Amino acid sequence: MYTQKILAPIVGKSRHHIQNIQDFVNKLEGLEVSEGEILTSYDVSALFTSIPVKEALSLISEHLVSDTTLHERTTISLEHILELTDFCLSTTYFVFRGDFYQQKYGAAMGSPLSPLIANLYMEDFERRAILTAPHRPKIWYRYVDDTFVSISKEHAEEFFKHINQIDPHIKFTQEPLGEDGSLPFLDAKVHVLEGGKTKVTVYRKPTHTDQYLNFSSNHPLQHKRSVVRSLVNRAKIITKTEDKTEEITYLKHALHANGYQSWMFDNLEPKDKPQNKDPPDPNQRRNLPMIGIPYVKGTSEILQRVFRKHGVVVYHKPTNSMRSLLVHPKDPTEKLKQCGVIYKLQCEECEGTYVGETGRTLGTRLGEHTKTKSALGEHTEKTGHSIDWEGVKVIDKEAQDIPRKIREALAIKEHSPSLNRDGGWEIPNIYKHLMQGPRPPGAQLPVTPSGGKPTNSH
């Protein structure tokens, strides 16, 4: 998001800010908890929807005014940046059981701007809270709405009441140290040992089931390698060698139950490689064109290698999953209110059919077809036939304009509608060859002579 890129550099500069789990573990290095101290965690209740938009915009304005690098990220004025941010935060709508609702308070869940705005607001909050505390904590680390705190036992309750009185919008709950002397934070579990020293292991919720992407599922191999790699990388946060060895053994057992073989764990540790005299530009891969293609086992891998030779990065998108088949959290949009669709219409009194596309609502587009100048209007005027408007079928969906026109052209090729005036978007011949299916043994590809239609070379 454009606005997010402008605002991102002003967030995360606080010494209390935690970037990720590894940053947290690094900051804990050498931590000792004395007998008069405790570890505890404070969690903000419903942070995103508790952020007051006006106050957040005021904080953004203060930070941008003093930002000497703002001109390097954008040429628009401060006033327009604030207007864009306000628009993003105050125009959140959703549909529930056919009715539209507007979120009137706070930042929207799922918006790219929300974590950024929440972090900025919490940075200001924690600055005020710690400065005004009668007895400050020894440690206060925060990742968005979760905090990790070390404070004296004597003043812990006092400090908890204090932070709940600073801001009427921000309220905390508390998670104390467990009976086993441990405290979870993100993916880490911090243990207080005898003598006050600490160690870190991997934390799993009590509801964790050890179910991961099954090795036999229809996903590219690199996705399955990523499962193993991410779990092994997470184990690197463990501070004791014996605990790390135990975690790797546990992971191998859990992944074996999901169909993974032991060779998947080979060569995961980085090896020393000879340094190139001219190291590659880290932005080079980022600037390469990228395309996503549906994953078809055996075919997608070949296409990826071919594209790589031409400097194009390919990533695979599995098309069918249990989630896509079973999980539908949003209310379905009524057919005539759907946008970005390819549709098919049938004449009620003959075999005539029509395939079209629209980026607007389907109902709006169908209304235009009733005009005499349209292909369907012309058909009804000449023949006296009626079109089955209510029986319109949505045969595909695509939000982007050009890809939708290509999909329409492919649908016209597939369905051969007799009422269309033309074939739609002119598509490359390779698509036509693919749609024709496998060729008989010995058959040759058609060639396209200059200025003519494809013909056989013989």
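The values are calculated or read from the model by the stated rules, or taken from the named source; none is laboratory data. Everything numeric in this text was worked out from a predicted model, so none of it was measured. Counting neighbours? That spans all protein chains shown, and the Cβs are built from the backbone with ideal geometry, glycine included. To get the accessible areas, we keep the full protein, side chains included, count just its heavy atoms, and leave off ligands, DNA and RNA. Shrake-Rupley method; radii C 1.70, N 1.55, O 1.52, S 1.80 Å.
Could you tell me whether SER374 is of a type in the set (Gly, Ala, Ser) and at pLDDT 90 or above? Outline the logic, then answer.
Values: of a type in the set (Gly, Ala, Ser): yes; at pLDDT 90 or above: no.
In short, no.
Condition first: part of a helix (DSSP H, G or I) and touching a residue at least 60 places away in the same chain (Cβ under 8 Å). Can you find one or more residues in the range 232-241 that meet it? Show your work before the answer.
So in the range 232-241, the residues part of a helix (DSSP H, G or I) come out as 232-235, 241.
Narrowing the set further to residues that are touching a residue at least 60 places away in the same chain (Cβ under 8 Å) leaves 234.
Checking the range 232-241: at least one residue is part of a helix (DSSP H, G or I) and touching a residue at least 60 places away in the same chain (Cβ under 8 Å).
Is it fair to say THR319 is closer than 30 Å to ASN214 by Cα, touching a Phe, Trp or Tyr at 6+ places or on another chain (Cβ under 9 Å), among the β-branched types (Val, Ile, Thr) and open to solvent by 80 Å² or more (accessible area, probe 1.4 Å)?
Values: closer than 30 Å to ASN214 by Cα: yes; touching a Phe, Trp or Tyr at 6+ places or on another chain (Cβ under 9 Å): yes; among the β-branched types (Val, Ile, Thr): yes; open to solvent by 80 Å² or more (accessible area, probe 1.4 Å): yes.
Yes: the conditions hold for THR319.
Assess whether PRO282 counts as being open to solvent by 100 Å² or more (accessible area, probe 1.4 Å) and modelled with pLDDT under 90.
It is true that PRO282 is open to solvent by 100 Å² or more (accessible area, probe 1.4 Å) and modelled with pLDDT under 90.
Among the residues of the range 32-58, write down those that are more than 30 Å from GLU79 (Cα to Cα), open to solvent by less than 20 Å² (accessible area, probe 1.4 Å) and not in a strand (DSSP E or B). Talk me through it step by step, then tell me what you get.
We begin by selecting, within the range 32-58, every residue more than 30 Å from GLU79 (Cα to Cα); these are 32-45.
Retained after the next criterion (residues that are open to solvent by less than 20 Å² (accessible area, probe 1.4 Å)): 33, 39-42, 44.
Correct list: VAL33 only.
Would you point out the residue of the range 379-418, among those that are acidic (Asp, Glu) and touching a helix residue (DSSP H, G or I) at 6+ places or on another chain (Cβ under 9 Å), that is modelled with the lowest pLDDT?
Taking the range 379-418 as the starting set, the residues that turn out to be acidic (Asp, Glu) are 381, 388, 390, 396, 398, 401, 408, 414.
From what is left, the residues that are touching a helix residue (DSSP H, G or I) at 6+ places or on another chain (Cβ under 9 Å) are 396, 398, 414.
Values: ASP396: 94, GLU398: 94, GLU414: 90.
Result: GLU414.
With the checklist (1) part of a helix (DSSP H, G or I); (2) in contact with a Lys or Arg (Cβ under 7 Å, 6 or more places away or on another chain) in hand, flag the one item ARG127 doesn't pass.
Here ARG127 meets the rest and fails (2).
For the range 349-397: of the residues being open to solvent by 70 Å² or more (accessible area, probe 1.4 Å) and in contact (Cβ under 8 Å) with a residue 24 or more places away in the chain, which is nearest to PRO417 (Cα to Cα)?
GLU351
Somewhere in the range 90-110, is a residue in contact with a strand residue (DSSP E or B) (Cβ under 8 Å, 6 or more places away or on another chain), outside any loop (DSSP other than H, G, I, E, B) and open to solvent by less than 80 Å² (accessible area, probe 1.4 Å)?
Yes, there is a match, as at least one residue in the range 90-110 is in contact with a strand residue (DSSP E or B) (Cβ under 8 Å, 6 or more places away or on another chain), outside any loop (DSSP other than H, G, I, E, B) and open to solvent by less than 80 Å² (accessible area, probe 1.4 Å).
Which residue pairs have Cβ atoms closer than 6 Å, lie 6 or more positions apart in sequence or on different chains, and pair a first residue in the range 333-345 that is free of Cβ contacts under 8 Å to residues at least 12 places away in the same chain and assigned to a helix (DSSP H, G or I) with a second residue that is of a type in the set (Gly, Ala, Ser) and open to solvent by less than 10 Å² (accessible area, probe 1.4 Å)?
Within 6 Å, no pair qualifies.
Checking TRP140 against (1) in contact with a His (Cβ under 6 Å, 6 or more places away or on another chain); (2) within 18 Å of GLU35 (Cα to Cα); (3) open to solvent by less than 40 Å² (accessible area, probe 1.4 Å): exactly one of these is not met. Which one?
Exception for TRP140: condition (2).
How about the range 234-251: which of its residues are open to solvent by 70 Å² or more (accessible area, probe 1.4 Å) and either among the small types (Gly, Ala, Ser) or within 28 Å of the chain's Cα centre (by Cα) (or both)? Explain how you work it out, then say what you get.
First, the residues of the range 234-251 that are open to solvent by 70 Å² or more (accessible area, probe 1.4 Å): 236, 239-242, 244-246, 249-250.
Passing the criteria: only LYS236.
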